[in-house]
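Here, each number is a calculation from the coordinates, and none is a lab measurement. Because the structure is a prediction, the values reported are computed rather than measured. Note: ideal-geometry Cβ built from the backbone for every residue, glycine included; neighbour counts use all protein chains shown.
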Amino acid sequence: MEIEVKQGSILGVEAEAITNAANSQGWMGGGVAGAIKRAAGQQVEREAIAQAPIPVGSAVRTSGGRTTFKGIIHAPTMERPAMRIPASNVGRATLAALKRADEAGFTSLALPGMGTGVGGVATEEAAQEMLQAIRGFQPRHLQKVILVDIDPEMVRAWRKEFEES
């Protein structure tokens, strides 16, 4: 499986699906979730909430709303909005997003830095957890994963982890 690391908005990537680092309730407030909701429309949040509660370690798929994406994968890193989380939640959420995207038949998936905002996980720990989950995943359909974030620290952490492992 190809892994690409880039800096920028997840909304600007060429992928069939994107990932929202969600909460178990499906609410899309600030950060990446808020940006996705503004672009995709309120209906995407309603679709996610309708499938709640979404346990950490699982993920749900919604439509892409007003975006060009075929779907949005909502993978919770936390039970409630704005919770501090352990780094292990990042790995669990990443794996859940990969599984849900693969089950949906998507060939490409973009992921932002998971858990590094209000979750409080250090970028280095998040990069390690995410790349470990990606490398350990055996896809049937998924061919490409794009790690994308506007935060240059997250991008540096991914690149460093990518080179070292």
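Quick notes
- The stretch 1-98: trypsin sites (Lys or Arg not before Pro) in DSSP loop, at most 14 other beta carbons within 10 Å: Arg66, Arg84
- The Ile3 and His141 beta-carbon pair, evaluated with R₀ = 25 Å, returns a calculated FRET efficiency of approximately 0.95.
- Listed candidates (1) 16.2; (2) 15.0; (3) 15.7 - label of the one calculated as Kirkwood radius over Cα pairs in Å: (2)
- Loop-located GluC sites (Glu not before Pro) across the stretch 70-165 with a Cβ neighbour count of 16 or fewer within 10 Å are Glu79, with loop assigned by DSSP.
- Over all orientations, the stretch 8-69 has a Cα convex hull whose mean projected area works out to 3.9 square nanometres.
- Considering only alpha-carbon pairs that sit under 8 angstrom and 6 or more positions apart, the relative contact order computed for the chain is 30 percent.
- Estimated FRET transfer efficiency when R0 is 30 angstrom, pair Ala122-Ala52 (beta carbons, to 0.05): 0.60
- Ordered by the number of other Cβ atoms lying within 10 Å of each residue's own Cβ, fewest first, Met114, Met78 fall into the sequence Met78, Met114.
- Going from the fewest other Cβ atoms within 10 Å to the most, the residues Ser63, Ser108 appear in the order Ser63, Ser108.
- Value at 222 nm in deg cm²/dmol, rounded to 500, when DSSP H runs of n ≥ 4 in the chain each add -39,500 (n - 2.57): -12000 deg cm²/dmol
- Percentage relative contact order, the stretch 1-93, counting C-alpha pairs under 8 Å, at least six apart: 32
- Length gained on full extension, Gln132 to Thr107, computed as 0.36 nm times the residue gap minus the Cα-Cα distance: 7.0 nm.
- In terms of surrounding Cβ atoms within a 10 Å radius of their Cβ, Ile36, Ile72, Ile3 rank from fewest to most as Ile3, Ile72, Ile36.
- Rounded to the nearest 5, the antiparallel percentage of DSSP beta bridges internal to the chain is 15%.
- Charge dipole magnitude, Cβ of K and R +1, D and E -1 - the stretch 2-164, Cα centre, debye nearest 20: 480
- Potential lengthening between Thr67 and Arg80 on full extension [0.36 nm per residue; Cα-Cα distance subtracted]: 2.1 nm
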